[in-house]
Amino acid sequence: MSKLVRPRARPRFTYEVAHPPDEITARIRRQLELPDCPIRGKVFPRTALLTLIEDRRHFWTPHLDLQLSPVAGGRTRLTGTFAPHPQLWATFVATQLLFAVLSIGLGIYVLNLWSLGQALTVPAILLLGALVGGGLSYGTAYIGQGLGSEQMYELRSFLDAALRDPP
């Protein structure tokens, strides 16, 4: 029986390659310099930030954040995280926080009214609206993943091509 894996708001992958981090960053830089490369990015000694060129970006276009960690034997562990643009991610987190605070506040208000025997109709509808709004805003992360899945594949393919040993 296979284990059910829950989707993540920020998909991740981890694997090891048989090259030191400095060689990996050099390979990524060389791949970025190829003519007609559809990927742009910044490469640092232990981190690389990759995205698509400006002409191909949308507001849902993912970024690939790579962390390179040296491992024994001259190997490197690559940890990649796909995420939306940082401003979009901050907006998503702020929206989730807003709905959480609203839901908690309205929940406390509804409980107080209930304990006092007051009418609950309007506050309960507002609480339900806050809960549904929070759920819908959380679901937007998965909608964005669906819209950006082809671009996530392109970013991962770019990385795989950069790490492939030359013939």
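Nothing in this text is a laboratory measurement; each read-out follows from the coordinates by a stated rule. Worth saying up front: this structure is predicted, and the values here are computed from it rather than measured. Neighbour counts are summed over all protein chains in view; Cβ atoms, including those assigned to glycine, are modelled from backbone coordinates with ideal geometry.
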* Structure fact -> the chain, Gaussian network, Cα under 10 Å: of 39, 104, 24, the residue fluctuating most is 104
* Structure fact -> Asserting the computed 222 nm helical MRE of the chain (DSSP H runs at least 4 long, -39500 (n - 2.57) per run, divided by residue count, to nearest 500) equals -18500 deg cm²/dmol
* Would you work out which of 152, 117, 61 lies farthest towards the positive end of the dipole of region 55-167, given +1 charges on the beta-carbon of Lys and Arg and -1 on that of Asp and Glu, about the Cα centre? => 117
* Asked: Given H placed 1.01 Å from N in the peptide plane, which residues other than close sequence neighbours of residue 40 have an amide H under 5 Å from its amide H?
  -> 51, 52, 53
* Structure fact -> For residue 19, other-chain or 5+-apart residues with amide H closer than 5 Å (H placed, Pro excluded) are 76
* Which label belongs to the value computed from this structure, given these candidates for log10 I(q)/I(0) by the Debye sum over Cα atoms at q = 0.09, 0.14, 0.15, 0.20 Å⁻¹: (i) -0.70, -0.88, -0.92, -1.13; (ii) -0.28, -0.65, -0.74, -1.20; (iii) -0.46, -0.81, -0.88, -1.23? -> (iii)
* To do: Could you give the size of the charge dipole of the chain about its Cα centre, using +1 on the Cβ of each K and R and -1 on the Cβ of each D and E, expressed in debye and rounded to the nearest 20?
  => 340 debye
* For the chain, what are the DSSP H helices with axial Cα length of 15 Å or more and mean Kyte-Doolittle hydropathy of at least -0.5? -> 86-115, 121-163
